[in-house]
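For reference, the structure discussed in these notes is given below.
The values are calculated or read from the model by the stated rules, or taken from the named source; none is laboratory data. Just so we're clear, the structure is a prediction, and the values are computed from it rather than from any experiment. Neighbour counts run over all protein chains shown; Cβ positions are idealised from the backbone, glycine included. Protein only, heavy atoms only, side chains kept; ligands, DNA and RNA dropped before computing areas. Shrake-Rupley method; radii C 1.70, N 1.55, O 1.52, S 1.80 Å.
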Amino acid sequence: MHEPTMDDLKHIQRPAALAGILERSVALDFTMASEPKTGALLQVLAASKPAGRLLELGTGTGVGTAWLLSGMDAASALVSVDTNVSFQSVAQQILGGDPRLSLVIEDAVDFLRRQQPASFDLVFADALRGKFEGLDEALAVVKPGGFYVVDDLLPQPNWPEGHGEKIAPLVESLVAHPQFHIVSMSWASGIVLAVRKPAAPPA
Ligand SMILES: C[S@@+](CC[C@H](N)C(=O)[O-])C[C@H]1O[C@@H](n2cnc3c(N)ncnc32)[C@H](O)[C@@H]1O
């Protein structure tokens, strides 16, 4: 009799651009890149939003960006925001030719404050801003039925002193939010996937 097993990594389809981005990330000593399981989740969520408008807060070197682009259809668009020109330049060089991608150098919360409410189908909040600070601003731009995704919620070796204390309040804020359903997953680096509830039907 076979034991039931699942190999989370076995069937993952890595974006073609990923190897080059990871190579450049190592050269830059960029250690904050998303792991493959997180990327695979982003890929399938992106694929669920044909003609979607997607947002990544914290481009880094473009690892999450590449995964999101690999799931998106030709009519979808992705904006990715970072404050670090050096990190984002890797994404610019490797992914910048993709017309679906706009790269922005700006503080995440400043960017969010300039957006229309309910204007994105997916927000991958992968910077401290738009996650631990500016959570309301980030949630405000998520459309009904849209996703808000955060990772790195399980203890990570690169966490600064005191960072762990911020996790429970963030998760509790999401759990308690009346306009979102959430599922928390002790998977990959620890993920919460929140979905804005659909608009209520007319009375
Ligand atoms: C965890 S890394 C992003 C990793 C990337 N999303 C990936 O999937 O590999 C966090 C990024 O947030 C950026 N960052 C820091 N402060 C920021 C801010 N105020 N606004 C936007 N991005 C910021 C950092 O420069 C860093 O590249």
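Considering only the stretch 112-122, state which residues are crowded, with 19+ Cβ neighbours inside 10 Å and either more than 17 Å from residue 53 (Cα to Cα) or away from the ligand (no atom under 14 Å from the Cβ) (or both). Listed by number, the residues that qualify are 120, 121.
Here is a yes/no grid of residues against (1) aliphatic (A, V, I, L, M); (2) within 14 Å of the ligand (Cβ to nearest atom); (3) part of a helix (DSSP H, G or I):
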position	(1), (2), (3)
78	yes, yes, no
98	no, no, no
110	no, yes, yes
124	no, yes, no
137	no, yes, yes
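Among the residues of the stretch 2-26, those that are aliphatic (A, V, I, L, M) and either within 14 Å of the ligand (Cβ to nearest atom) or at pLDDT 95 or above (or both) comprise 16, 17, 18, 19, 21, 22, 26.
Please determine, by comparing only the residues of the stretch 49-61 that are more than 7 Å from the ligand (Cβ to nearest atom) and in contact (Cβ under 8 Å) with a residue 40 or more places away in the chain, which one is most open to solvent (accessible area, probe 1.4 Å).
Checking each candidate, the answer is 53.
Can residue 70 be described as open to solvent by 30 Å² or more (accessible area, probe 1.4 Å) and more than 8 Å from the ligand (Cβ to nearest atom)? So residue 70 fits the description; yes.
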